[in-house]
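Worksheet: the structure to be examined is printed underneath.
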There are 2 protein chains.
Amino acid sequence: MPKRRKVGNLLALAVLSALVQRPMHPYEIATALRAWGKDQDMEFKWGSFYTVIGNLDKHHLIEAVENVREGRRPERTVYRITDAGRAELVDWARELVSTPMAEHPRFRAGLSVLAALHPDEATGLLRQRLDLLETAIRQDRETLDAHLREIPRLFLVESEYDLAIRDAEAAWLRALLAELTSGSYPGLDTWRAFHETGEMPAELTELAARGSTPNASSDTPTTDSPEAHPDSAERPDSFSRRADTTG
Amino acid sequence: MPKRRKVGNLLALAVLSALVQRPMHPYEIATALRAWGKDQDMEFKWGSFYTVIGNLDKHHLIEAVENVREGRRPERTVYRITDAGRAELVDWARELVSTPMAEHPRFRAGLSVLAALHPDEATGLLRQRLDLLETAIRQDRETLDAHLREIPRLFLVESEYDLAIRDAEAAWLRALLAELTSGSYPGLDTWRAFHETGEMPAELTELAARGSTPNASSDTPTTDSPEAHPDSAERPDSFSRRADTTG
DNA sequence: CAACGGTTACTCGTCGACGAATATACGCCG
DNA sequence: CGGCGTATATTCGTCGACGAGTAACCGTTG
């Protein structure tokens with residue numbers, strides 16, 4: 001259950017974690033986040049940043065301390081974290097760490113329409129991805145190793161995680177590419193024929209027609225049958241139109 | 001370069017891929033997507049769905065064919081994909097497949113504030129995550145294997161990818177937990193001391209003060225020094241305020 | 001057969017995301 | 001020392017995301 005956060009944007013998490021150290025004004029927060037690389041851990045957009053600061057203030061998770069004015073510049077408001085803010089930070093951290101949520105990487109969406117491309121082109125594009133990925137990984141590994149020499153590992157866990165995951169993606173890509181280039185990938189001929197002759201075997205046409213909920217995923221417990229299942233912990237939600245009033 | 005899409009929401013990709021098969025009305029599209037599991041490949045929200053349909057229409061990637069009216073129900077518009085729409089589908093697929101983009105999983109954000117929790121609690125929460133993850137993986141693997149018996153692998157690539165990635169996460173978690181529980185994780189004592197005595201070693205205070213761009217990531221080439229670097233391919237963007245007019 | 005609850009099928013209003021615009025300060029070159 | 005390019009620091013307006021609301025239809029129970 002991804003609790004309804006008063007400020008949902010993950011930027012807010014970063015802001016809170018920055019303000020735990022000491023009170024700062026917005027631009028200073030942003031600079032600090034960039035300085036210790038937090039901007040890689042979530043989407044950082046200047047437009048959203050100030051919105052988030054405003055919302056955190058509105059919900060009393062942070063509060064203005066003083067207004068500094070330098071020269072004729074617009075005055076900068078220094079914010080400090082409140083007790084509620086500290087509580088939110090910890091509670092949010094707990095949730096994010098303990099609860100696996102369905103993520104939706106863009107690559108997955110891309111793969112879901114892979115059949116729309118000619119198999120040879122698909123293979124080329126996947127190879128290109130692998131190349132780019134490997135280069136990026138090599139660079140980031142280097143950077144990480146360099147940082148590990150002066151910064152405790154605890155503050156770099158996310159980067160280690162990131163690299164592990166991308167290594168796995170690279171490995172998976174290599175395996176897939178091996179099958180595609182060797183021609184051992186099942187259905188490769190049909191796939192190619194479809195793109196070259198426009199011919200789709202009856203078997204596939206029929207497949208498209210009926211529904212069989214192919215994809216595996218945790219948050220759709222294959223409960224296709226409309227049984228009155230009593231009160232099982234969670235609702236699929238993806239396709240339910242209204243959250244129940246239990247909230 | 002993640003090309004500026006006229007309709008950026010990934011739901012649009014799914015809609016296009018559905019309409020490639022045959023013209024449909026919105027609800028029918030949604031049903032079809034759910035039927036063949038596409039709703040797991042991206043965020044599906046009913047609210048966004050109709051917005052996306054409207055935008056696709058507005059930008060002529062799909063177009064209305066006819067208006068069916070049954071009984072006194074609101075009439076349902078049947079849409080078909082246009083040539084522009086087909087082109088967009090293919091072009092988008094190419095981009096998604098070939099170009100690794102920085103993703104920002106929520107878990108990564110969580111890890112980035114892991115130090116905010118007591119190490120023992122963190123360990124417990126990570127263990128909980130691992131348990132949930134393993135259960136989910138086991139279920140999804142089963143479902144996938146079942147589907148593989150009747151659906152060509154090509155149409156299940158995204159699920160195979162997903163499982164591979166989550167397997168990797170589980171493995172990484174296991175390794176991390178081993179270090180945490182055995183006590184071999186470097187800095188564990190300092191971490192614990194900080195939470196139990198509130199004492200932060202001078203070494204860390206100093207670390208927080210200076211900026212050293214710790215995180216490894218491809219899209220921030222550690223260019224902290226304000227050198228006039230001539231025209232290197234890409235801009236970090238995360239922290240630049242204005243995209244250059246080259247567009 | 002009326003009343004009710006579930007399913008189908010959207011519409012609407014609000015809030016937040018974020019690109020673009022703004023404005024001052026600063027450094028440097030002639 | 002005045003003009004201009006760049007960095008600093010923020011505001012603003014628009015568009016899209018999406019939860020909540022609406023309404024017909026359908027089955028079913030008393």
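Summary table
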| item | result |
| --- | --- |
| Residue check for A:Thr181: modelled with pLDDT of 95 or more and either closer than 19 Å to A:Glu103 by Cβ or part of a helix (DSSP H, G or I) (or both) | yes |
| Qualifying residue in the stretch A:7-16 (condition: open to solvent by less than 70 Å² (accessible area, probe 1.4 Å), touching a residue at least 60 places away in the same chain (Cβ under 8 Å), outside any strand (DSSP E or B) and at the interface with chain B (Cβ under 7 Å from one of its Cβ atoms)) | yes |
| Failed condition for B:Trp46, given (1) within 15 Å of DNA strand D (Cβ to nearest atom); (2) in contact with a Leu (Cβ under 6 Å, 6 or more places away or on another chain); (3) within 11 Å of chain A (Cβ to nearest Cβ) | (2) |
| Residue that is surrounded by fewer than 20 Cβ atoms within 10 Å (Cβ to Cβ), in contact (Cβ under 8 Å) with a residue 40 or more places away in the chain, more than 7 Å from chain B (Cβ to nearest Cβ) and among the β-branched types (Val, Ile, Thr), where the choices are A:Thr190, A:Thr135, A:Thr123 | A:Thr123 |
| Residue, least open to solvent (accessible area, probe 1.4 Å), within the stretch A:138-151, restricted to residues that are of a type in the set (Lys, Arg) and within 25 Å of B:Gly187 (Cβ to Cβ) | A:Arg141 |
| Residue that is nearest to the chain's Cα centre (by Cα), among those in the stretch A:74-102 that are open to solvent by 50 Å² or more (accessible area, probe 1.4 Å), more than 8 Å from every other protein chain (Cβ to nearest Cβ) and within 16 Å of DNA strand D (Cβ to nearest atom) | A:Arg80 |
| Close pairs (8 angstrom Cβ cut-off, 6 or more residues apart or separate chains): free of Cβ contacts under 8 Å to residues at least 60 places away in the same chain and outside the structural domain of A:Ala30 (by TED's automatic domain parsing) in the stretch A:48-67, assigned to a helix (DSSP H, G or I) and away from DNA strand C (no atom under 14 Å from the Cβ) anywhere | none |
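The values are calculated or read from the model by the stated rules, or taken from the named source; none is laboratory data. Predicted, not measured: the structure shown is a model, and the values here were computed from it. Here Cβ is always computed from backbone atoms with ideal geometry, including for glycine, and neighbour counts include all displayed protein chains. Just the protein is used for accessible areas: all its heavy atoms, side chains included, with ligands, DNA and RNA removed. Shrake-Rupley method; radii C 1.70, N 1.55, O 1.52, S 1.80 Å.
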